[in-house]
Each structure stands twice: as C-alpha cells, then as structure tokens.
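Note sheet for the following structure.
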Amino acid sequence: MAARSIASLTLGFGLVSIPVKLYSATESSSTVRFNLLAKDGSRVKQQYVSERDGKVVERADMVKGYEFEKDKFVLFEPNELKTLEEGSDHVIDIVAFVPLKSIDPIYYDKAYMLAPDKRGGKPYALLMEAMRKSNRCALARWSWKAKRHVVQVRPAEDGLMLQQLYFADEVRSLKDLGIEKVDVTQAELDLAMQLIDQIAEDSYDPHAFKDEEKGRILTAIDKKIAGQQIVAHEEVESPASGQVIDLMEALRASLEKKPKAETRKPPKRAQQAEPATRKAAKK
C-alpha cells in the first residue's frame, strides 16, 4: 500500500519556500493489541464515576481542571482551553544549522519523513545536498496539533527526515543518578577493546533483528484460533545482581566464546506469509 501524506507543509529556508508533504516514519499498528472483554466475550465500555456520589458522569458534563494544591483545582471551560492552544502552522521555519552529531539522540521524539510537493523538487534537492556537504542539520520551529515544537530536519539516504525534539526540561540527566566514578586498569581496557573488535559491525542493519515477543504472541493467537493448548513461556532465571565476578576472567571467557552464526548474519528480508489460521479469523 502506498504511503499517504498526513499534511502539506512549507519548509522555510531563508527566502526560499519549499513545498513538502509530511509522512509518518514509523508504524505503531504493528503492535499486537488486545481488547478488554467480559468473561462471556462481550465488549465492555469505560465510564467515569464521581468520587463524591458514585454516579456516572457523562462526557458532556465534564470539565478540565488543574490541581495547584492537594485536592484544589482551578477549572477551565473548553473555550478557555482553546485560546491557550497553539494554532497549527503549515510552515516549518528553519532558524539555525548545527553539526549533525551535536544533537544527542536522547532528545529525539517522533520521526516523520518529508517529500517534495509540486514544484518543490529542485529546492528540496538543493537543501538536502547542502546539508550533506556541510555535515549539518537544520533546527526549526513548527506548530502541529495545537503545540509548538522544536524539530530537526536532517538529510537521510533517500530524502529529508523531520524529527520532533524534546525540550530541555523534558529530558532527565545522568548526573542526577550520582553514578560512582570507578577507575579501570589498562589490562582490563585492552581485553574489553578486543571483545568489542571481535563482534564489531560496520553499520546497523535493522533487518538483522526481529520482534521475538510479537512472534510469540501471534503464535499463541494462532494456537487459540486452532483450538490448541498454549504452553506458558518459561523465563530463564537471571543471576543475582549481587554476584561477585572476576572481571578479567569474564572478559577472557567472552573473547573465547565465538558469537552464534545466526546473530552474526542478518536473516533474509523476505516477509513471511501470515499464518492461514489468523487469515481465516479475520474474515
């Protein structure tokens, strides 16, 4: 199925306006979802109940409130909340260009793809090539779904990516954890470097990994559909966290242990056919 754009926007690059289309870069529907049902298999519906009298409160009778002290709220009517929302803007306004590696991935939020719209091919290609040559990405402001975002626009292999970024106060710091500073010996470091070199790869191949949990769930669903008994998955017991180990011996043992062939070679990219039992259940 061809990708569908979710918005037509303009990427502002100085005095140049680049018409673009916005696409979701990820697909959340790949997650297996379960429905809440009654034991007889009938659907259930969610209701909100007043803590004061236990009566059901209809959605039309609800208001939103902000708790400024324990059990004390200031109430906002829908029209008041509407005035606080940031209006959506069709312009992604570039404000700066920064080195590609200057943004820590911890600030990455949702990712989108940008494609040139009508008459946008040439300026789109120009901006992408200029960022590649300069090894920089763009920082921009963008209002989307009633919220102002800071976003990164970066060149990818086949086009431009738009990455929503978290604000500074939304990201926690490792400094807050008080991690102990521990010295390592040169011998320990040399062995660790050998272990890294032994299983090093030149690049990340996402196709080399698969969602094993999703596979187990779908297999269990197929068995249920076929009327078979499900065998509970046995978890491997982890060693106690307080276990004392010899670091040097563990490193040497790791170097002697050859990696499994199936973890070193990415699987074939051909998509497996959907089990027939699940296809029948969808009809």
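The calculated pair-distance distribution of the range 113-197 uses every alpha carbon pair, bins of 10 angstrom beginning at 0, and gives 13, 27, 20, 22, 14, 4, 0 percent.
For trypsin sites (Lys or Arg not before Pro), the sites in the range 154-201 that DSSP calls loop and that have at most 10 other Cβ atoms within 10 Å are 172, 181. With the highest mean first, a sort of the peptides 34-42, 146-154 on other beta-carbon atoms found within 10 angstrom per residue produces 146-154, 34-42. Taking every alpha-carbon pair within the range 10-164, the share separated by more than 20 Å comes to 65 percent.
So if each residue of separation counts as 0.36 nm, and I subtract the Cα-Cα distance between residue 32 and residue 146, what length gain in nm does that give? Let's see the in-between values first.
Details: separation 114, 0.36 × 114 = 41.04 nm, distance 2.92 nm.
My answer for the length gained is 38.1 nm.
How about the range 1-84: which GluC sites (Glu not before Pro) there lie in a loop by DSSP and see at most 14 other Cβ atoms within 10 Å?
On the way: sites: 27, 51, 58, 67, 69, 80; in loops: 27, 51, 58.
Taking the range 1-84 and a limit of 14 other Cβ atoms within 10 Å, the loop GluC sites (Glu not before Pro) found are 27, 51, 58.
Annotation for the range 8-72 versus the range 168-228: alpha-carbon center distance of 30 Å. Accessible surface for the range 1-132, divided over its residues, is 82 Å² per residue with a 1.4 Å probe.
Once the chain from residue 194 to residue 158 is taken as fully extended at 0.36 nm per residue, the excess over their C-alpha distance is 9.4 nm.
The distance between label points at residue 50 and residue 6 comes to 3.8 nm (points 7 Å beyond Cα on the Cα→Cβ vector). With 29 Å as the limit on Cα-Cα distance, the pairs of 21/147; 55/110; 64/145; 118/147; 133/214 that go past it are 55/110; 133/214.
For residue 205 and residue 97, the FRET efficiency from 1/(1 + (r/R0)^6), where r spans their Cβ atoms and R0 equals 22 Å, is about 0.15.
Across the accessible surface of the range 74-157, with the other protein chains kept in place and a 1.4 Å probe, carbon and sulfur atoms take up 56 percent. Modelled this way, with points 7 Å down the Cα-to-C-beta line, the labels at residue 81 and residue 23 are 3.4 nm from one another.
Report Rg(Cα)/(2.2 N^0.38 Å) for the range 164-232, keeping two decimals.
2.01
The values are calculated or read from the model by the stated rules, or taken from the named source; none is laboratory data. Please read all numbers here as calculations on a predicted model, not as lab measurements. FYI the Cβ positions are ideal-geometry reconstructions off the backbone, even for glycines, and counts take in every protein chain you see. These accessible areas exclude ligands, DNA and RNA; they are computed on the full protein's heavy atoms, side chains included. Shrake-Rupley method; radii C 1.70, N 1.55, O 1.52, S 1.80 Å.
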